[in-house]
1. Kindly establish whether residue A:30 is away from chain B (no Cβ under 14 Å), within 8 Å of DNA strand D (Cβ to nearest atom) and touching a residue at least 12 places away in the same chain (Cβ under 8 Å).
2. Tell me yes or no: at least one residue of the range A:49-66 is free of Cβ contacts under 8 Å to residues at least 40 places away in the same chain, buried (at least 18 other Cβ atoms within 10 Å of the Cβ) and near DNA strand D (Cβ under 10 Å from one of its atoms).
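Taken together, the values in this text are just the output of simple stated rules run on the coordinates, not laboratory data. Computed from a predicted structure; not experimentally measured. Using ideal geometry, Cβ is built from the backbone for each residue, glycine included, and neighbour counts are taken over all protein chains shown.
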2 protein chains.
Amino acid sequence: MNRVREYRKNRGLSQFALAEKVGVARQTINLIENDKYNPSLKLCISLAEELGTDLNTLFWKVDETQ
Amino acid sequence: MNRVREYRKNRGLSQFALAEKVGVARQTINLIENDKYNPSLKLCISLAEELGTDLNTLFWKVDETQ
DNA sequence: ATTTTATGTCACATATATATGTCATTAACA
DNA sequence: TGTTAATGACATATATATGTGACATAAAAT
């Protein structure tokens, strides 16, 4: 799991809006949020920058119990 | 740029040894260290774990002037 | 000298991330 | 109502990450 959806929603962005900001298709954001695949490092960095956070926060050992 | 080579050398590992530990080909490590492409998130996480560090340290806004 | 080891690179093959178009469903809203 | 926006999902196409095998060079070890 990752925290892309959480950070996207906190910014009031739709999947489509975030996709446009980072230059990918809406489906790509959808698949990443639903852990359907394994994004590239560059895309992870773009997402972190666009969402005002960093790689560890979005993708490093997300604790689902908290 | 990233700090994979630096952390690998600090651990006394060859590209081949690190490649075996994370389950990719030696060429893949070589290309990543030389910024010839854009690894997947899962591979970045494996590298960070194997090198005893985290995503931000290896891949987030590496300052080349320091 | 000669044999390993480590690294960079190339060519080709394969797996998969990503794009594009589409459809269904739900919620918000006119 | 109907219409639009948001999301999940599918099928197909393309770009690219990664694998595999090979070769060259340099350094280290024997």
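1. Answer is yes for this residue.
2. No, the conditions are met nowhere in the range A:49-66.
Residue-wise test of (1) over 15 Å from residue A:41 (Cα atoms); (2) within 12 Å of DNA strand C (Cβ to nearest atom); (3) in contact with a helix residue (DSSP H, G or I) (Cβ under 7 Å, 6 or more places away or on another chain).
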site	(1), (2), (3)
B:16	yes, yes, yes
B:21	yes, no, yes
B:42	no, yes, no
B:50	yes, no, yes
B:53	yes, no, yes
B:60	no, no, yes
